[in-house]
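The structure appears right after this line, and notes come after that.
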Amino acid sequence: MDFPPQFASPLILLLISPVVLGGLYAIRRGVSKYLILSRVIILSLLIIALASPFTMGITTVKDDAPRITVLTDQTMSMDLFKKDTGQIIYEAIKSKTPTTFKKFAGMTSPVGDEVIGASENNNIVLVSDGNANYGKDLSDAITFVSKSGTRVFAVNQKLLHNDMSVEIAGAKNLILGNENTFNIVVRQAGNNARYRLDVKIDDKPVSLPESSNVVQTEKLKTIQFSYIFTTLGTHRVEAVITPQSDDWFPTNNKFYKAVYVVPKPKALVISDDTGSSLYQIVESLYAVDRVSSIPDDLSKYRVVIIDNMGAGMLGAVSLKNYVAGGGGLVVVGGDASYDKGNYNNSPVEAMLPIISRAAEYKGGRNIVIVIDASGSMFSSDATTGISAIGLIDANAINIVRKISRDSNVGIVTFGANISSSPLLTMSKEVNRAALESFIREITPSSLTDPTDLDRGLLSAEELLNSVSGTKEVIVFSDGIIDPDSAISDFEKIKAAALELKSMNIKMHFFQILLSYETKKEPGKLYNELAIVAGADSAIVLNPDERASVVIGIEAEPEPTTTETPEVTYEYPIAALESNHFITKYVNITASVTGYNDVTPKLGADRLVVTTKGKPIITTWGFGLGRVVAFTTDNGAGMTMWAPAVYSGENSRLVSGMINWAIGDPRGKEGVVVQAEDIWGGTPGRVIVRSNTVPQVQFDKKDIALSSTGPTTYETTINPDKEGFHDLSGYGIAVNYPIEYRDVGFNDELKTIIESNGGRVYEEDGVEGLLFMDIKEKATRTVEAPQSEKEPFLLAALILFLAEVIIRRIKDYRKDRPKIEDNLPRAEPVEAAAEGTE
């Protein structure tokens, strides 16, 4: 039973007072105090039971007449299917069980929002193509409602018509004279499309590997082509498909893309090797300066590339200031770099997304973030308005967003109550979203909430007991432990920390500062606690600092350096994250014969790995800049680990990681406009960077800007005409509404629904199978009051029986006659003899 229980009739508890007073009166009159105490306790227990104690618990309920909502999608993309399927299903089942019919329509598909809105019933039958393009992610929505007991079913309708859509995917800002890759993405609703594809750049036709009479049997086909721009400024790219088979919507057969070409950005290469494959690629793509050591002033460079250099040859101070201020950094491995170049625990390593030593791969990290939700978290900075709990939440969310996909993360809060989330895998975006939502809801309940950190640590230990591998606890607090509180309270916290330490759980303690204070010393007791737990000290964070950048993960037990594999072996590499800018649309076929054995830090993204999980490309953000750790060599020299990475399509990984590190290749001087192309009917965001108040025109008309920072201005635009537009010389393309991009039934919907306990039906036979399946699965969990009378009644009965037994034993002993009194008396033998004579 959970304590304390609630009471249906709490006023009845007032009867305990006269019972106690009557007992005291009886004791004063000489009645046995033990008897009176027993009777008072028994009567009190009976009164408590009479007050109907209860607790809220989870109960599973079986529905004989399950409630059903038929949710029908009637947005524009559904014109490819029968319009009345949802109505037919509703008519077929409404007489069998309580059924509601709902529909939504328009030029966007907020399917996830509609699923959440329909979850008041316990079963949802979704008649939709599953292509959500607005609002809540559909996978997140279905997972969310399933946790509250609502099952989602769906119908895979037969297509009445096929349809095709075209899109151009590629970077917006391009570099003059470089070979730029564009991806033409053609989608279809069915499985048999024939069309002609034509592409024009600045109204001039482009030769394609496939253009006339394309036959497409897959739902999504990508056709790549390359183009070298020879002039600066805005350029216009158009792709048109001319259908030669069934195609329902003509509006999505043409796509516009505006690109902006800039001069080659300046790159600094720190290397002694000018003959490597790496240097040849870099020299062909950027305006390169090569030096053997890092100069003090790096401000004129958009990216710094360090090629196989030892840590002792690198100026960490100037490099750190450069990257933190927005510069890009790419560090390439080799026989003098990373684990072979004394990077471990060096100032340079602090900027990198890896630790330069090996760790046994144990299937990812297991991390519990412990958040202080005590009363002191209400405090905020008077100048900025930033609250302590807000800064803690920002740090926790940053870790959840950036941690690698093979990790597990849980959340524990301590304050008036202890609450926790499950330990969730980060390979699913829905789990990241669930943890973010959990964190955002954390808030202290009152100013007097205690700092029960010991309970928080022990709850974190419970979460980590269920997993194996590297285990870590990250504590966020304001570092305030009251020195006037009972000594035993702090000793309890230390005991909890020592218990976790004994379980080989690594702990990090972060103290949040509300403002930029000159003294960055952690609280005395908080720092003492961190040292007891095995850390060097507690770490103090300014408002703009993030814990994910400050710390890395150390392997347990202490790892030993692994020798670089022999050249005689080959290690195929593959993309671990295929949707990142660096890896998207790249067909990786290369192998490496060697690598630097490193360990990714907390918050880093492993993008490319060997098939055994060893990192090859790892990225993260450091301050305002971007950092890439490329842990194989430059393709030349004595080692020649990775020549295949620098040839053919694999070489796009090299240019991709450098371009990602650069970000926007334009300089920081003057007025810099940044805006992506727009889907019709969807507002577009415009960001302008300028040291003075800029004057910006959209199609030769002034637009108002709002200041969002010292040198940053923003606005939104929503043009109603498709085609190309001008934003003070920066091209913007407006395309068909996004509703027409994804066509046909979304095959991922089946996986999402079945993983959450539902089912997807084919249109034929759905009416007969649907209701039987829903009724069979119609169990739901509800939070309902559960009576807690029985423990009190049982306690009263046991106490009463014990009293009766004890009294009986006493009475028996008191009244039992002596044995010798009951025996017959014998006459003396001699006296009897004399009498006979």
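The values are calculated or read from the model by the stated rules, or taken from the named source; none is laboratory data. Values in this document were obtained by computation on a predicted structure and should not be read as measured data. No Cβ is skipped: glycine too gets one built from the backbone with ideal geometry, and neighbour counts run over all protein chains shown. Surface accessibility is based on the protein's heavy atoms, side chains included, excluding ligands, DNA and RNA. Shrake-Rupley method; radii C 1.70, N 1.55, O 1.52, S 1.80 Å.
Taking only C-alpha pairs under 8 Å that are 6+ residues apart, what is the relative contact order of the chain in percent?
Relative contact order, the chain: 16 percent.
Order the following by accessible area, largest value first: SER477, SER437, SER299. Probe radius 1.4 Å; ligands, DNA and RNA are ignored.
Result, largest first: SER299, SER437, SER477.
Only one of the values (i) 41.0; (ii) 49.5; (iii) 59.5 was calculated from this structure for mean projected area of the Cα convex hull in nm²; name its label.
(iii)
When the convex hull of the C-alpha atoms of the range 259-302 is computed, what volume per residue in Å³ does it have? Please report the intermediate quantities before stating the final value.
Working: hull volume 3.0 nm³, N = 44.
Once divided by residue count, the hull of the range 259-302 is 69 Å³.
So, R0 is 35 Å and r is the distance between the beta-carbons of MET772 and LEU160; what FRET efficiency does that work out to, to 0.05?
Numbers: r = 28 Å, r/R0 = 0.79.
After rounding to 0.05, the efficiency reads 0.80.
Under 17 Å from a point placed 7 Å out from the Cα of ASN342 along the Cα-to-Cβ direction: which residues of the range 275-310 have their backbone N that close?
293-294, 308-310
Hey, what do the phi angles of the range 168-174 turn into as Karplus ³J(HN,Hα) couplings, whole Hz, using 6.51/-1.76/1.60 and θ = phi - 60°, x for Gly and Pro?
With the stated coefficients, the range 168-174 comes to 10, 10, x, 5, 7, 9, 10 Hz.
Between VAL671 and THR443, what is 0.36 nm times their sequence separation minus the Cα-Cα distance? Round to one decimal in nm.
Taking VAL671 through THR443 to full extension adds about 77.9 nm, to one decimal.
Multiply the residue gap between THR217 and THR242 by 0.36 nm, knock off their C-alpha separation, and tell me the result in nm, one decimal place.
Residue separation times 0.36 nm, minus the Cα-Cα distance, leaves 7.4 nm.
Expressed as a whole percentage, what fraction of the accessible surface of the chain belongs to carbon and sulfur atoms when a 1.4 Å probe is rolled over the protein heavy atoms?
Reported share for carbon and sulfur atoms: 53 percent.
Give me the number: length gained by fully extending SER706 to LEU11, i.e. 0.36 nm times residue separation minus the C-alpha to C-alpha distance, one decimal in nm. Provide the component values of the computation, followed by the final result.
Working: separation 695, 0.36 × 695 = 250.20 nm, distance 6.00 nm.
So the chain would gain 244.2 nm between SER706 and LEU11.
Taking H as built 1.01 Å from N, whose amide H comes closer than 5 Å to the amide H of ILE355, not counting residues under 5 places away?
THR599, LYS601
Return the FRET efficiency for the residue pair LYS428, LEU799: r is the Cβ-Cβ distance, R0 is 51 Å, and the value is rounded to the nearest 0.05.
Numbers: r = 53 Å, r/R0 = 1.04.
According to the calculation, E is roughly 0.45.
Using a 1.4 angstrom probe, figure out how much accessible area the chain has per residue, in square angstrom, rounded to the nearest whole.
It amounts to 48 Å² per residue over the chain.
Using helices alone, what [θ] at 222 nm do you get for the chain, with -39,500 (n - 2.57) per DSSP H run of 4 or more residues, divided over all residues and rounded to the nearest 500?
-7500 deg cm²/dmol
Structure shown: which of LYS136/LYS257; LYS147/LYS750; LYS264/LYS300; LYS402/LYS501; LYS172/LYS584 lie over 21 Å apart, alpha-carbon to alpha-carbon?
Correct reply: LYS136/LYS257; LYS402/LYS501.
The range 141-296: Rg/Rh from Cα coordinates, Kirkwood Rh?
So for the range 141-296, dividing Rg by the Kirkwood Rh gives 1.17.
Hey, what angle do you get for helix 33-50 against the long axis of the chain, alpha-carbon based, 0 to 90 degrees rounded to 10?
40
I need the per residue convex hull volume for the range 270-419, using only the alpha carbons, in cubic angstrom as a whole number.
So the per-residue Cα hull volume is 172 Å³.
What list of ³J(HN,Hα) couplings, whole Hz, do you get for the range 262-268 from phi and the Karplus terms 6.51, -1.76, 1.60, once you set θ to phi - 60° and write x for glycine and proline?
Karplus values, whole Hz, x for Gly and Pro: 10, x, 4, x, 7, 10, 10.
On C-alpha positions alone, give me the angle between the axis of helix 453-464 and the longest principal axis of the chain, in degrees, nearest 10.
70
Between 0 and 90 degrees, rounded to the nearest ten: what's the tilt of helix 766-776 against the longest Cα principal axis of the chain?
Here the helix axis deviates by roughly 30 degrees.
If the viscosity is 1.002 mPa s and the temperature 20 °C, what translational diffusion coefficient in µm²/s does Stokes-Einstein give for the range 195-259 when Rh comes from Kirkwood over Cα pairs?
D = 163 µm²/s.
Would you grab the residues whose amide H sits under 5 Å from the one on VAL592? Only those 5+ places off in sequence or on another chain, please, with H modelled 1.01 Å from N.
Under 5 Å from the amide H of VAL592: TYR571, ILE573.
Taking the Cβ-Cβ separation of VAL262 and ASN191 as r and a Förster radius of 41 Å, what is the calculated FRET efficiency to the nearest 0.05?
My answer for the efficiency is 0.45.
Out of residues 5 or more away from ASN122 or on other chains, whose amide H comes under 5 Å of its own, with H placed 1.01 Å from N in the peptide plane?
ARG67
Could you give each residue of the range 530-543 its phi-based ³J(HN,Hα) in whole Hz, using Karplus coefficients 6.51, -1.76, 1.60 with θ = phi - 60°, and x for Gly or Pro?
4, 5, 4, 6, x, 7, 5, 5, 6, 10, 9, 10, 6, x
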